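The values are calculated or read from the model by the stated rules, or taken from the named source; none is laboratory data. These numbers were taken from a predicted model, which means no experiment stands behind them. Counting neighbours? That spans all protein chains shown, and the Cβs are built from the backbone with ideal geometry, glycine included.
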Amino acid sequence: MRTPSRRFRRAACASPLRGSCAQAGFTLIEVLIAATVFLLITLNVNLVVSAGRSAATAGAFMMSIEDELHLTIDRVSLALMAADSREVDGPPLAPASSETVRFQTALGLNDGRVVHGPVEDVRWMRTTSDEGQIQWRENPGDTTERSVVWSNHVPIAFQAEILNNFDDDNENDLRDEAGLAFTMLGRTIDIHLTVAREDDTGHELARNKRSVVTCRN
Ligand SMILES: [Ca+2]
Ligand SMILES: [Ca+2]
């Protein structure tokens, strides 16, 4: 009586697609090698897919930080661009800086006199021990006050800056600047902004941007 193994080998020899009968069939070692190779390929594919997913997630997270940073600094810049430079209060000359600016917009002339809009301000407000939000306010402190939050993820200090040591730690020509920092020279206002958020693993990612605007009046 033929064993199943012998029948398999004979069938393999009979196949026109096979080479010599000496090459037909698989030894246990060949099967083990094939299984090991298959396992290694599967593991590598899983690693590549996993790494790809992580990179895509990290990229999307970083993009959301960049979006918040650009949107916020654009809003601050547009608000200050319309300000009357003679009615801007708060920003000092560099290397000092402020985290608040108060201003009024010049609406136009009436009988040769400049007509101003309501008082507005942009300020950093602490929400946790080391983080805060950026608020725009109209008629601040008044019963008619209106306010809008432009960002919720602004750290207490600009990236890599150490507060209250009277040093420019991050070498950007500002000393002890906050996560939102204003300076002013003539009609030009310099804005520095950092946005920082923690990802799912608790790792903090931060981006910063500088914008220089010139008041129209
Ligand atoms: Ca600095
Ligand atoms: Ca410092």
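Of all residues in region 144-167, which are within 16 Å of ligand 1 (Cβ to nearest atom) and part of a loop (DSSP other than H, G, I, E, B)? Answer for region 144-167, where residues must be within 16 Å of ligand 1 (Cβ to nearest atom) and part of a loop (DSSP other than H, G, I, E, B): I156, F158, Q159, A160, E161, I162, L163, N164, N165, F166, D167. Considering (1) touching a strand residue (DSSP E or B) at 6+ places or on another chain (Cβ under 8 Å); (2) within 20 Å of R187 (Cα to Cα); (3) away from ligand 2 (no atom under 16 Å from the Cβ); (4) touching a residue at least 24 places away in the same chain (Cβ under 8 Å), the lone condition that G117 does not fulfil carries the number (4). Residue under question is M125, and the condition is that it be farther than 15 Å from R75 by Cβ, over 19 Å from the mean Cα position of the chain (by Cα) and touching a residue at least 40 places away in the same chain (Cβ under 8 Å); does it hold? No. Beta carbons closer than 8 Å, at least 6 apart along the sequence or on distinct chains, pair a first residue in region 146-167 that is within 20 Å of E120 (Cβ to Cβ) with a second that is within 16 Å of ligand 2 (Cβ to nearest atom) and not acidic (D, E) for V154/G179; V154/L180; V154/T194.
T201 meets all of the listed conditions (1) exposed (fewer than 13 other Cβ atoms within 10 Å of the Cβ); (2) outside any loop (DSSP other than H, G, I, E, B) but one, namely (2). Of G179, G202, G132, G141, all but one fail to be in contact (Cβ under 8 Å) with a residue 24 or more places away in the chain and away from ligand 1 (no atom under 16 Å from the Cβ); the exception is G132.
Residues that are within 16 Å of ligand 2 (Cβ to nearest atom), of a type in the set (G, A, S), closer than 23 Å to F61 by Cβ and surrounded by fewer than 18 Cβ atoms within 10 Å (Cβ to Cβ): does region 151-169 have at least one? Yes, region 151-169 has at least one match. M184 meets the conditions (1) touching a residue at least 24 places away in the same chain (Cβ under 8 Å); (2) within 11 Å of ligand 1 (Cβ to nearest atom); (3) of a type outside the set (K, R) in every case but one. The failed one is (2). Kindly establish whether G132 is modelled with pLDDT of 90 or more and either of a type outside the set (V, I, T) or buried (at least 19 other Cβ atoms within 10 Å of the Cβ) (or both). Yes; evaluated as a whole, the condition is true for this residue. Considering only region 182-190, I want to know if a residue exists there that is more than 11 Å from ligand 2 (Cβ to nearest atom), in a loop (DSSP other than H, G, I, E, B) and surrounded by fewer than 19 Cβ atoms within 10 Å (Cβ to Cβ). Within region 182-190 (the criterion being more than 11 Å from ligand 2 (Cβ to nearest atom), in a loop (DSSP other than H, G, I, E, B) and surrounded by fewer than 19 Cβ atoms within 10 Å (Cβ to Cβ)), the answer is yes, since at least one residue qualifies. Do we have G25 as in a loop (DSSP other than H, G, I, E, B), free of Cβ contacts under 8 Å to residues at least 24 places away in the same chain and surrounded by 11 or more Cβ atoms within 10 Å (Cβ to Cβ) here? So G25 passes the test. State yes or no: is N208 within 16 Å of ligand 1 (Cβ to nearest atom) and touching a Gly at 6+ places or on another chain (Cβ under 9 Å)? Yes, satisfied. Residues in region 77-114 that are of a type outside the set (A, V, I, L, M) and under 15 Å from I191 (Cβ atoms): S77, S85, G90, P91, P92, S97, S98, E99, T100, R102, F103.
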